[in-house]
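The values are calculated or read from the model by the stated rules, or taken from the named source; none is laboratory data. As the structure is a prediction and not an experimental result, all values here were calculated from the model. Glycine gets a Cβ as well: all are built from the backbone with ideal geometry, and neighbour counts include every protein chain shown. Heads up: the accessible areas ignore ligands, DNA and RNA and are worked out on the full protein's heavy atoms, side chains in. Shrake-Rupley method; radii C 1.70, N 1.55, O 1.52, S 1.80 Å.
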Amino acid sequence: MVSEKSNSKIFHGIGASPGIVIGEARVADRSRVVVVEASIAPEEIPAEVARFHTALRKAKEDLHALKEQIAATRGNEHLYVIDTHLMILDDSMLTSETIGFIEQERINAEGALKRTLRKFKEFFEGIEDEYLRERGSDVETVVERVLRNMLGKRQELLTDRDGRFVIVAHDLSPADILQVDKDKVIGFVTDLGGKTSHTAIVSRSLEIPAVVGLERITSEVSDGDPIIVDGAKGLVIIDPDEETFRDYLRQKQYFEYRERELLKLKDLPAETVDGHRILLKGNAEFVEEVPSIRKHGGEGIGLYRTEMLFIGRTTIPDEEEQYRAYAEVVRQMAPYPVTIRTLDVGGDKFVENLNLDDELNPALGLRAIRLSLRCPELFKTQLRAILRASAHGKVKVFFPMISGVGEIRAAKALLEEAKQELRNASVPFDEGIEIGIMIETPSAVLIADLLAREVDFFSVGTNDLIQYSLAIDRTNEHLSELYEPLHPAVLRSLKYVAEAAHAAGIPVCMCGEMAGEPNYLPILLGLGFDELSMNAVSIPKVKKILRRCSRGDAAGLAAQVLSFPTASEVESYLQTQITTRLSESFD
Ligand code: PEP
Ligand code: MG
């Protein structure tokens with residue numbers, strides 16, 4: 001979307017990484033190479049196969065060189081991205097399919113590779129889960145690299161240029177982002193991408209402001225254009241007029257001042273004025289996010305999403321690979337705990353020999369714990385890996401999308417089997433590992449009292465709970481105003497779940513996005529939440545409000561808003577309370 005104010009052009013995209021930057025645009029040529037498919041004679045087949053192998057080898061060499069360069073400049077923490085790309089290059093399907101096309105269809109190597117890419121893309125595009133779907137772009141990036149080698153086109157490195165600038169690109173791979181020198185590249189804006197794309201996640205963890213999903217920003221911007229990026233609001237302004245420029249300069253200074261002030265809270269306890277403590281933790285998908293959680297004062301990881309390890313690849317990570325990944329997160333977060341969620345994918349795409357992908361309604365289909373219980377060996381492999389990681393620090397495990405007691409009992413039985421297998425092999429793990437569940441279905445809310453008897457903790461996943469309670473697809477941008485966290489049905493559910501947990505003597509956590517919204521804190525405190533887990537940068541903002549609240553007042557406020565008939569009444573009441581009583585708003 002684009003609007004104009006004087007000569008300025010304002011673009012509205014998706015805020016992927018917060019922060020304001022003002023600078024100069026540099027348009028990066030990340031355009032796709034143009035491939036012409038051509039027929040070949042049978043005697044040309046060996047030469048085409050050899051050309052493909054050479055380009056593949058060169059791509060691997062380039063990636064190894066890039067890996068060394070990144071390791072030297074940034075350390076080892078982000079190298080998983082390059083490793084993922086190397087794994088894709090090593091994938092036997094990529095090679096066999098391409099050679100198959102060259103030999104059977106008698107087409108040139110680039111045409112064959114492009115056809116293989118199409119097959120991979122169809123596979124990824126069929127995935128309902130946005131997060132997993134976007135992993136298809138890793139395959140595209142890797143294939144692009146091989147194609148460029150075949151066609152002799154070198155891709156410009158983002159580090160090739162001097163100065164400080166905002167990169168404007170059609171799309172950027174995480175490897176592109178990892179190459180950049182933070183002293184030179186102050187922001188990113190792209191045509192493609194969503195909030196959960198690798199690029200967005202890596203920008204957030206490097207704390208470089210970014211706006212993605214702008215659709216056609218590359219055709220509207222030229223090298224050297226003055227540009228403002230507001231990564232929180234998802235806004236990009238080209239050629240700002242003087243008034244806008246001054247306004248953003250003030251906003252930027254204020255944003256930076258506020259971030260610095262907030263970081264001062266890092267070591268202060270997350271407690272109310274009347275001494276009530278709440279645990280504030282970070283959500284993470286990668287080990288690379290741990291430093292940011294620590295920097296923002298997180299007291300552990302309240303939700304470690306394990307899906308990342310399973311995506312963008314055709315093989316399933318084995319126990320050893322999973323164990324190494326989980327153990328590394330646990331070691332880096334120690335002495336704080338890490339709550340690891342078992343696999344929450346929306347289909348069977350990454351499980352070989354199963355063909356369950358044509359679901360009419362995948363959000364209500366074979367996902368999360370349902371898939372794990374349907375594939376017990378896959379599940380037990382993951383459980384053994386998590387248990388082994390528990391020997392390196394405090395680990396808790398929890399199951400997503402629970403809708404009834406039967407699922408918990410079945411999951412616990414498999415956990416017990418996994419434990420026994422480790423005992424038999426004398427492999428150490430924490431015998432007392434705590435077991436929890438996500439509360440994210442309306443049925444789990446309604447039987448929270450029954451579920452609470454079965455587990456050590458609850459973690460409320462409001463992202464899904466709101467979607468399923470209000471019957472609003474969480475990914476549908478056309479329904480976004482109906483997706484209301486403060487809907488009375490949601491608030492009543494939260495109250496009921498917190499009461500059921502406490503009646504059974506177990507803690508209740510929230511790890512959905514709602515937990516990181518500072519203005520909601522008084523309600524969550526008032527309802528009795530013991531722990532909130534959120535994206536790292538929200539931790540100090542939530543802590544600041546928490547440290548100004550009293551538990552008693554918050555309980556009164558929660559009781560009051562629970563009687564309001566609409567979300568907008570709750571919202572405006574909260575807004576006034578926060579601005580008048582706590583004298584700050586975090587809009
Ligand atoms: C949730 O549903 O609130 C949640 C935290 O899980 P996810 O966003 O991974 O579905
Ligand atoms: Mg969920």
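By a 1.4 Å probe calculation restricted to protein chains, L192 has an accessible surface near 70 Å², given to the nearest 10.
Using the Kyte-Doolittle scale, which helices in the chain average at least -0.5 and also have C-alpha atoms spread 27 Å or more along the helix axis, with helices defined as whole DSSP H runs? What comes out of the filter, once short or polar helices are dropped, is 45-74. Counted over the chain, the DSSP beta bridges are approximately 35% antiparallel. In this simple spin-label model, placing a label point 7 Å from the Cα along the Cα-to-Cβ direction at both N463 and A391 gives a separation of 3.2 nm. Computed from the Cβ-Cβ distance with R0 of 41 Å, the FRET efficiency linking V405 to S222 stands at 0.10. Please give the Cα centre distance for the range 93-124 versus the range 439-496, rounded to the nearest Å. The two parts, judged by their Cα centres, are 44 Å apart. Quick check for you: which residues of the range 296-335 have the amide N under 18 Å from the point 7 Å beyond the Cα of E122 toward its beta carbon? Counting backbone N atoms under 18 Å from the label point, the list is 314. Could you tell me what percent of the accessible area of the chain is made up of carbon and sulfur, with a 1.4 Å probe and every protein chain present? C and S fraction of accessible area: 51 percent.
Please work out whether the range 42-151 counts as rounded, prolate or oblate from its C-alpha gyration tensor, where a ≥ b ≥ c are the square roots of the eigenvalues and a/c under 1.5 means rounded, while otherwise a/b larger than b/c means prolate and anything else oblate? In terms of gyration-tensor shape, oblate. In this rough spin-label picture, where each label sits 7 Å from Cα along the Cβ direction, the K295-S563 distance is 4.6 nm. Rolling a 1.4 Å probe over the heavy atoms of the protein chains gives the chain an accessible area of 41 Å² per residue. A simple spin-label model places the labels of V427 and R57 3.8 nm from each other, with each point 7 Å out along Cα-to-Cβ.
Largest to smallest in accessible area, the residues E256, E43 fall in the order E43, E256 (1.4 Å probe, all protein chains included).
Taking packing as the residue-averaged number of other Cβ atoms within 10 angstrom, the listed peptides 535-546, 492-503 run from highest to lowest as 535-546, 492-503. A Förster radius of 45 Å combined with the Cβ-Cβ distance from A71 to L151 puts the calculated FRET efficiency at roughly 0.95. For D274 and L446, a Förster radius of 30 Å and the Cβ-Cβ distance give a FRET efficiency of 0.35, rounded to the nearest 0.05. Fully extending the segment from R324 to H64 would add 91.5 nm, taking 0.36 nm per residue of separation and subtracting the current Cα-Cα distance.
Heavy-atom accessible area for L482, with the other protein chains in place and a 1.4 Å probe, reaches approximately 90 Å².
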